[in-house]
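I have placed the structure first, in the form of structure tokens, so that the comments after it can refer back to it.
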Amino acid sequence: MKYYRLNKDWHPFDEGDEFIKAEDGGDMYTLRINTGVLAKIPKDLLDEIGDSGGYWRPAAYEYYYSMDDEGSVGRASFCPSVGYDNNRLALGNCFKTKKDAQATVDWLKARQRLIESGARFVNSRDVDASENYFNVYFSVNEGELMVNDVFLGKNVAFSRELCFDDKQLAERSIEEHKDDWLTYLGVKEKNDERTDA
């Protein structure tokens, strides 16, 4: 599906508003976030932004899957005018398939068990740069989970990652939570072969 972005204000719409070509064709477009709004917009005011760029979002009244607070996966029809549908979308809790939703549930559960095993999210702003920290990674060449020393300097900020304050704690986490690490890192085992998930 192609999407279009308004390249300047055009009353009552603002520059940057996104549209989808109406099903009946012509110069009619609907707002991407509310297909109930239909407008005839001059083509020179719209820039094509291609498809969703890999990011899937349900169209109005399209079925999607989401997870509830107990980790169960359910199906619903997306209604752009309903608050909880938009809240799920804003939190990344709208999935095209049940399999995708279940994979996220499994990943979140694995992440929580790893945190309970002693890992914590850190970045350079969270820590004392004079301390040693350790993370877990999967080595494709070795075919196993390994522990790595992590250098965290105060002058560098990067994405938060699971780290340990103690190398032995990291190694014990690997022993006790191997499947969780493989799930968390997006690696799975298949007949003694490990591949990207």
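The values are calculated or read from the model by the stated rules, or taken from the named source; none is laboratory data. No experiment lies behind these values; they were computed from the predicted model shown. Neighbour counts run over all protein chains shown; Cβ positions are idealised from the backbone, glycine included. When the accessible area is computed, the model is the full protein with side chains, heavy atoms only, and any ligands, DNA or RNA have been set aside. Shrake-Rupley method; radii C 1.70, N 1.55, O 1.52, S 1.80 Å.
Miscellaneous remarks
- Of all residues in the stretch 167-189, those that are part of a helix (DSSP H, G or I), free of Cβ contacts under 8 Å to residues at least 60 places away in the same chain and open to solvent by less than 40 Å² (accessible area, probe 1.4 Å) total 4.
- Candidate set: the stretch 37-52, residues that are within 22 Å of Cys79 (Cα to Cα) and open to solvent by 70 Å² or more (accessible area, probe 1.4 Å); chosen: the one modelled with the lowest pLDDT: Asp51
Each row is one residue, and each column tells you yes or no for (1) at pLDDT 90 or above; (2) not small (Gly, Ala, Ser).
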{"position": "Gly118", "(1), (2)": "yes, no"}
{"position": "Ser124", "(1), (2)": "no, no"}
{"position": "Val127", "(1), (2)": "no, yes"}
{"position": "Ser130", "(1), (2)": "no, no"}
{"position": "Ser139", "(1), (2)": "no, no"}
{"position": "Asn155", "(1), (2)": "no, yes"}
{"position": "Ser159", "(1), (2)": "no, no"}
{"position": "Ile174", "(1), (2)": "yes, yes"}
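- Residues being surrounded by fewer than 17 Cβ atoms within 10 Å (Cβ to Cβ), small (Gly, Ala, Ser) and within 17 Å of Trp56 (Cβ to Cβ) - total across the stretch 80-113: 3
- Within the stretch 1-23, if we keep just the residues that are among the acidic types (Asp, Glu) and over 12 Å from Ile49 (Cα atoms), the residue that is surrounded by the fewest Cβ atoms within 10 Å (Cβ to Cβ) turns out to be Glu23.
- Condition met for Tyr64 (open to solvent by less than 60 Å² (accessible area, probe 1.4 Å), at pLDDT 90 or above, assigned to a strand (DSSP E or B) and not basic (Lys, Arg)): yes
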